[in-house]
Amino acid sequence: MLKHKTLLAAAALGTAIATGANAQDATADTVVATVGDTEITLGEVIIARTALPQQYAQFPNEVLFTGLVDQLVQQQLLADVLGEPTSRITYTLANEQRALMAADVITEIAETAITEADIEAAYAARFADAADIPEYNASHILLETEEEAAEAKARVDGGEEFAAVAQDMSTGPTGPNGGNLGWFGQGDMVPEFEDQITTLETGSVSEPFQTQFGWHIARLNETRVQERPTLEDMRRELTAQLQEAAVTARLEELAAETTVILPEEGEFDPAVLDNLELLEE
């Protein structure tokens, strides 16, 4: 009965908070439920809310509040059975507190250490000495034998349109569209094909050459320089890199001004990581 009344009171307070009533009077220390001598505060409920999976966002706050208080009450009832925390719990809490405090500092560094000027400077530096990256538009005729490739080359040299010869002779999937491969960059084609294309002049046709797919003749239709990503395109990546560098620099500063003693090599047997019995001592 006490638990039922407590939950009703918690639900009523949750509704009041959700609708804005008396919101100015509620603080993180406001008690929303008690279990024996233990008080459960609004702050604890809010933290529990932040740990819920994303799918719970669809539920109204009134429902979430009641459910979270119920969960915390049940956990406290069970925790009271244990009484004092075990060694395993103590070590876990120490690790969790350390991680949470470190995460807060990392967040502060990430939010304050990087300026817009830093991002712009990183973007400029990224492309300051970067060479232009060429892209190619080419067509090819794929054939099974060197003799057929030589015949196709002779027809093109004789004045026939490359696309027409491709439609007539090519065995590749691009044959019906005149052999056009569209735009591609370095590394997109097999090396033998790329070697041929990169040595051609715009509008010229290669001699027959072989790749793992068969025999080809190729025509270089057009070249262009690859468009560079904009600052906005790069913003997220650059920001993440700068933030990581800022955190690393701060860690190095802290390590330099703090006495840190690490275990000597061989001081501990790595197999000790599997000895869970130590946690029960």
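The values are calculated or read from the model by the stated rules, or taken from the named source; none is laboratory data. Note that the structure is a prediction, hence the values are computed from the model and not measured. Reconstructed Cβ throughout: ideal geometry from the backbone, glycine too, with neighbour counts over all protein chains shown.
How many residues does region 161-187 contain that are in a loop (DSSP other than H, G, I, E, B), over 14 Å from HIS216 (Cα atoms) and modelled with pLDDT under 95?
The qualifying residues number 2.
Only one of these conditions is not met by GLN76: (1) in a helix (DSSP H, G or I); (2) of a type outside the set (Val, Ile, Thr); (3) at pLDDT below 95; (4) surrounded by 10 or more Cβ atoms within 10 Å (Cβ to Cβ). Which number is it?
(3)
From the list ARG250, ARG224, exactly one residue is under 33 Å from the mean Cα position of the chain (by Cα) and under 30 Å from ARG155 (Cβ atoms). Which is it?
ARG224
For region 38-76: of the residues being in contact with a strand residue (DSSP E or B) (Cβ under 6 Å, 6 or more places away or on another chain) and in contact (Cβ under 8 Å) with a residue 40 or more places away in the chain, which is farthest from LEU278 (Cα to Cα)?
VAL69
Checking the conditions here, which among ALA121, ALA125, ALA131 is under 22 Å from GLU227 (Cβ atoms) and part of a loop (DSSP other than H, G, I, E, B)?
Result: ALA131 is the single residue among ALA121, ALA125, ALA131 that is under 22 Å from GLU227 (Cβ atoms) and part of a loop (DSSP other than H, G, I, E, B).
Go through region 253-274 and count every residue that is part of a loop (DSSP other than H, G, I, E, B), exposed (fewer than 10 other Cβ atoms within 10 Å of the Cβ) and either within 32 Å of the chain's Cα centre (by Cα) or not aliphatic (A, V, I, L, M) (or both).
8
Does region 54-69 hold any residues that are in a helix (DSSP H, G or I) and more than 20 Å from THR30 (Cβ to Cβ), and which are they?
Residues satisfying the conditions are GLN54, GLN55, TYR56, ALA57, GLN58.
When only residues in region 176-188 that are closer than 11 Å to HIS140 by Cβ and within 40 Å of the chain's Cα centre (by Cα) count, which is surrounded by the fewest Cβ atoms within 10 Å (Cβ to Cβ)?
ASN180
Quick one: count up the residues across region 106-131 that are without any contact (Cβ under 8 Å) to a residue 24 or more places away in the chain and either surrounded by 13 or more Cβ atoms within 10 Å (Cβ to Cβ) or among the small types (Gly, Ala, Ser) (or both).
Of the residues in region 106-131, 6 are without any contact (Cβ under 8 Å) to a residue 24 or more places away in the chain and either surrounded by 13 or more Cβ atoms within 10 Å (Cβ to Cβ) or among the small types (Gly, Ala, Ser) (or both).
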